[in-house]
Number of protein chains: 2
Amino acid sequence: MQDALIRKLESFETLSDHDRAALTALALRVRKVGARVDLKREGDAPDNVHLVLDGYACRYKVLPDGQRQIMAYLVPGDFCDLNVFILDQMDHSIATISACQIVDIPSAAIEAITTEHPRVTRALWWCALVDEAVLREWLVNLGGRPANHRIAHLICELLLRLEAVGRVTRNSFEFPFTQSDIADTMGLSAVHVNRTLRELRTLGLITLKQRVMTILDVERLKAYCDYNPNYLHLRNTRWSARRTVPWLGSGHGG
Amino acid sequence: MQDALIRKLESFETLSDHDRAALTALALRVRKVGARVDLKREGDAPDNVHLVLDGYACRYKVLPDGQRQIMAYLVPGDFCDLNVFILDQMDHSIATISACQIVDIPSAAIEAITTEHPRVTRALWWCALVDEAVLREWLVNLGGRPANHRIAHLICELLLRLEAVGRVTRNSFEFPFTQSDIADTMGLSAVHVNRTLRELRTLGLITLKQRVMTILDVERLKAYCDYNPNYLHLRNTRWSARRTVPWLGSGHGG
DNA sequence: CGTGCTGTTGAGTAGATTCAACTAAGGTGG
DNA sequence: CCACCTTAGTTGAATCTACTCAACAGCACG
């Protein structure tokens with residue numbers, strides 16, 4: 001199950017065996033990290049690039065009043081800090097949610113792969129742009145949707161992102177987040193998250209037990225929150241948006 | 001006043017005359033666009049790179065129920081779409097707020113400048129990372145702060161960003177946003193924005209008339225909303241965070 | 001001199017919060 | 001093996017922040 005990154009990249013661009021081998025070679029220094037551990041703290045100087053191979057992590061900030069805001073979920077195949085080496089210091093922290101496998105990649109190794117593998121370079125660019133698009137969609141979520149749609153939207157997004165890295169089986173996936181985590185993500189109180197999850201359960205849209213989320217009716221859940229996956233820019237998956245020009249795969253990667 | 005971009009980049013990295021000349025040469029095709037005009041619509045295919053030379057614009061999305069969510073303000077010196085040429089289609093729209101001067105830059109010109117000017121390349125990277133950091137901070141704003149702090153925070157951010165491009169005089173700057181714009185930005189109703197602005201005026205923190213925002217007491221306003229400018233990663237300005245290693249300017253741009 | 005957009009203010013309402021009590025589950029040590 | 005402790009989840013009641021609806025004032029524009 002170490003191919004999360006490759007699977008994700010291939011949901012955008014078809015890679016050659018050579019490309020895949022180069023990516024696999026990045027995962028030399030794999031490290032196991034427990035749940036609820038800081039990988040990086042706000043103010044730290046960037047060092048290596050970190051990649052989540054397995055498990056869930058998040059970006060977060062803590063406000064002066066102690067309030068925590070989670071700004072991103074990092075799932076297998078996601079980079080923690082692909083480009084931050086430009087900056088002097090982290091402006092947010094990164095912590096594991098569940099136990100994780102993390103790869104430390106020297107930024108020189110990233111530079112090397114990008115000079116030799118144009119398709120991989122394009123795909124890494126795509127990663128960064130999608131991360132930003134997800135951030136924008138979360139902003140829409142917090143700014144424009146009520147609590148029940150907000151949480152449904154998050155669940156839809158996780159389904160698609162996890163499916164792109166092969167972590168979904170029969171519409172079920174690992175869900176190690178506590179209700180407090182979701183509250184700090186969605187700008188809600190933990191109590192209200194509890195009631196909202198109950199609503200989604202009562203409506204027969206999801207079940208959630210033993211840290212496993214199951215979506216009972218994907219189409220109904222998507223309709224419930226008007227979910228539009230275009231911002232994930234998935235191309236080679238069953239969720240890909242219909243396009244006028246299905247300019248698929250085998251890119252000549254300029 | 002065409003040097004907004006250069007000024008902004010120099011708040012991160014000192015540039016040579018040669019670098020500056022190359023950047024100035026980008027602004028060939030300048031275009032005037034009226035207020036409230038779409039520059040790009042969701043679903044469009046990316047074409048050129050667009051740069052705001054003068055005026056204010058925004059990124060936004062419209063939800064199925066007609067609700068508009070603004071996700072970013074673009075001020076002089078900001079790129080609309082520095083890297084989106086990787087993607088097949090825009091996942092959000094971009095519109096002017098006030099009348100603007102926009103430069104259309106062929107992506108080839110960007111590629112050319114980045115191969116020849118490593119300091120400029122680093123600085124453009126920095127732009128993209130700061131844009132993302134601003135987005136994260138906005139998420140914190142919507143998720144974690146009450147309406148009054150939220151709006152105060154936005155005003156503080158605009159002050160710093162506009163100061164970095166020379167658009168602030170005696171703590172005053174152009175503020176062409178309507179209260180509805182602010183509402184759609186901050187996830188509030190226009191009525192509540194009105195009352196909140198009145199609160200800030202009553203507290204003697206700001207004045208706002210004839211589309212000009214004046215901050216009466218910058219330190220008090222920043223204290224009011226616990227403003228921390230670290231996410232803007234400004235280095236060569238009076239707002240720069242104190243650093244242990246002031247590894248300033250004249251970077252050997254690797 | 002109306003028309004439309006922006007801003008302002010009041011009144012009633014609703015969605016979400018806080019506080020609080022309590023249950024369930026998991027882990028630890030005697 | 002069970003008492004104990006801690007964390008996560010659940011539910012009720014009261015409160016509050018922010019919303020909706022509505023009316024109106026100021027101003028620009030044709």
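The values are calculated or read from the model by the stated rules, or taken from the named source; none is laboratory data. Everything quoted here is computed from the prediction, not taken from an experiment. Here the Cβ is made from the backbone with ideal geometry for all residues, glycine too, and neighbour counts use every protein chain on show. Ligands, DNA and RNA are stripped out before the accessible areas are found, and what is left, the full protein with its side chains, is counted by its heavy atoms. Shrake-Rupley method; radii C 1.70, N 1.55, O 1.52, S 1.80 Å.
Details
- Take the Kirkwood radius over Cα pairs of the protein assembly as shown, plug it into Stokes-Einstein at 4 °C and 1.567 mPa s, and you get 55 µm²/s for translational diffusion.
- Heavy atoms of the protein chains alone define the surface here; on that basis the protein assembly as shown has 41 Å² accessible area per residue at 1.4 Å probe size.
- Rounded to the nearest 20, the size of the Cβ-charge dipole of the protein assembly as shown about its Cα centre is 1320 debye, with Lys and Arg at +1 and Asp and Glu at -1.
- The mean sequence separation of alpha-carbon pairs under 8 Å and at least six residues apart, normalised by the residue count of region A:4-232, gives a relative contact order of 22 percent.
- Spatial separation of Cα centroids for region A:18-67 and region B:196-234, in angstrom: 35 Å
- Förster-model FRET efficiency, 25 Å R0, A:N194 and A:T169, C-beta, rounded to 0.05: 0.40
- The trypsin sites (Lys or Arg not before Pro) of region B:144-195 that meet both conditions, a loop assignment by DSSP and at most 11 other Cβ atoms within 10 Å of the site Cβ, are B:R170.
- Copy-to-copy label separations for A:E199, where each label sits 7 Å from Cα toward Cβ, in nm and ascending: 2.5
- Mean residue ellipticity (222 nm) of chain A, computed from DSSP H runs ≥ 4 via -39,500 (n - 2.57), nearest 500: -12000 deg cm²/dmol
- In the protein assembly as shown, a dipole from Cβ-located charges (positive for Lys and Arg, negative for Asp and Glu) runs towards its positive end, and of B:I86, A:S189, A:A152 it is A:S189 whose Cα lies farthest in that direction.
- Placing a label point 7 Å from the Cα of A:T214 along the Cα-to-Cβ direction, the distances to the matching points in the other copies come to 6.5 nm, shortest first.
- Comparing the full protein assembly with the isolated chain, the residues of region A:118-151 losing at least 40 square angstrom of accessible surface (1.4 Å probe) are A:W125, A:L129, A:E132, A:L135, A:R136, A:L139, A:V140, A:L142, A:G143, A:G144.
- Residue-span extension gain [A:N236 to A:V218] - 0.36 nm each, minus C-alpha spacing: 4.6 nm
- Taking each of A:K222/B:K61; B:K40/B:K209; A:K8/A:K40; A:K32/A:K222; B:K8/B:K32; A:K61/B:K40 in turn, the alpha-carbon distance tops 26 angstrom for B:K40/B:K209; A:K32/A:K222; A:K61/B:K40.
- Against the criterion of solvent-accessible heavy-atom surface with a 1.4 angstrom probe, B:Y73, B:Y224 sort, most first, into B:Y224, B:Y73.
- Charging the Cβ of each Asp and Glu at -1 and of each Lys and Arg at +1, and nothing else, the dipole of chain A about its Cα centre rounds to 980 debye.
- Computed from the C-beta positions of A:T114 and B:A99, the FRET efficiency with R₀ = 51 Å rounds to 0.80.
- Plainly put, the tip 7 Å out from Cα toward Cβ on B:R31 is 4.7 nm from that tip on each other copy, the closest given first.
- Mean per-residue shielding of peptide B:71-78 is 1, counting Cβ atoms of other chains within 10 Å of each Cβ.
- Gyration tensor over the Cα atoms of chain A: the corresponding equivalent ellipsoid has semi-axes (square roots of 5 times the eigenvalues, largest first) of 29, 23, 16 Å.
- Pairwise FRET efficiency - B:Q89 versus B:A21, Cβ, R0 = 45 Å, nearest 0.05: 0.80
- Pair B:V30, B:L203: separation of 7 Å Cα→Cβ label points (nm): 3.9 nm
- Restricting the calculation to Cα atoms, region B:98-226 shows an Rg/Rh of 1.04 when the hydrodynamic-style radius is the Kirkwood one.
- Peptide A:88-94 is shielded by partner chain Cβ atoms: per residue, an average of 5 of them sit within 10 Å of its Cβ.
- When the surface is traced with a 1.4 Å probe over the full set of protein chains, A:D131 keeps roughly 50 Å² accessible.
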